[in-house]
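Take a look at the structure below.
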Amino acid sequence: VAKPGHEIVHATLVAPVPWRDGFARIDRHLREAKRPRTALCGIELRSPAPFTFDGFAGFNDGYRKLLADWDILVGEDNPIPRTNVAPVAAAPTEPSLYAFSYTQPGATPEPTFIVAGAGELRDRAQGPEGIVRHGDTSPDGMREKARFVMAIMQDRLRTLGGDFRRVTAIDIYTAQPIHALVLDEVLKPAGPAAIHGVHWYPSRPPIQGLDYEMDMRGVARELAL
């Protein structure tokens, strides 16, 4: 969530680029905006396919090293929300940067924020056993997954001091059809944010076995680069 006197800007790349090249692109954009690297506050990646649990941990090792080189980590904690999904169509050939968010000086009527992406995973340490309705993509199974993830979104939104009046984008990532569940499990709980609908990205979450992921944001400025 942006501090007073600052706002979060969300920028989408017209064409994704390999993630390390993407960070170079972010670095250049931040310099042009006269912002430090630590202004970075959101990352959205696209991958060729979901990772195994071990493969995801391995990717994160290299990702965290880059954040450490940028002096972004807070102790051992990574403060930057991230979404990393595998598109069903037009997937890149390697993990690539799709969008990012950063802070800049500015006044908004209420604070702007990014809600980190989450899938239907109760406990990553449990592996596949921690996945809600693992392997069940039936309508009932997807409803339970969506309900679980929406509860995480609501909790994270409250923790940031936000509410649905200030949400400007709700993103859903799944390869399964959502029309039967989106009204009851997403839009009705979203209250006033339902006026904006949802952005559905036919994609698979980053770890094999997951079927549903969401993220949200509330910003005043959206860029296309």
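The values are calculated or read from the model by the stated rules, or taken from the named source; none is laboratory data. Note that the structure is predicted; figures quoted are calculated from it, not measured. Cβ coordinates were reconstructed from backbone atoms using ideal geometry, including for glycine residues, and neighbour counts include every protein chain displayed. All accessible areas refer to the heavy atoms of the entire protein, side chains included, with ligands and DNA or RNA removed. Shrake-Rupley method; radii C 1.70, N 1.55, O 1.52, S 1.80 Å.
Brief remarks follow.
- For the range 83-171, the orientation-averaged shadow of the C-alpha convex hull comes to 8.3 nm² (one quarter of the hull surface).
- Ratio Rg/Rh, restricted to the range 80-133 and using Cα atoms, in which Rh is the Kirkwood radius: 1.09
- For the chain, the number of Lys pairs separated by eight or more positions or lying on different chains, with C-alpha atoms closer than 30 Å, is 5.
- Taking the 1.4 Å solvent-accessible surface of the range 95-191 as the whole, the part contributed by carbon and sulfur is 52%.
- A Gaussian network model of the chain, with springs between Cα atoms under 10 Å, assigns the largest mean-square fluctuation among Pro50, Pro95, Pro177 to Pro177.
- Computed over protein heavy atoms with a 1.4 angstrom probe, the accessible surface ordering of Glu32, Glu222, Glu185, Glu144, largest first, is Glu32, Glu222, Glu144, Glu185.
- Binned Cα-Cα distances of the range 161-225, short to long, each 10 Å bin given as a whole percent: 20, 48, 29, 3
- Rounded to the nearest 10 Å², the accessible area of Asp69 at probe 1.4 Å: 100
- The range 96-225, dipole about Cα centre (Lys/Arg Cβ +1, Asp/Glu Cβ -1), debye to the nearest 20: 280
- Taking every DSSP helix (H) stretch of at least 4 residues in the chain, weighting each as -39,500 (n - 2.57) and dividing the sum by the residue count yields a mean residue ellipticity at 222 nm of -8000 deg cm²/dmol.
- Rounded to the nearest 5, the antiparallel percentage of DSSP beta bridges internal to the chain is 70%.
- Debye equation applied to the C-alpha atoms of the range 99-225, log10 I(q)/I(0) at 0.12, 0.14, 0.18 Å⁻¹: -0.46, -0.62, -0.97
- Prolate/oblate/rounded call for the chain, Cα gyration tensor, a/c under 1.5 rounded: oblate
- Here the chain is treated with +1 on each Lys and Arg Cβ and -1 on each Asp and Glu Cβ, and its dipole about the Cα centre works out to around 620 debye.
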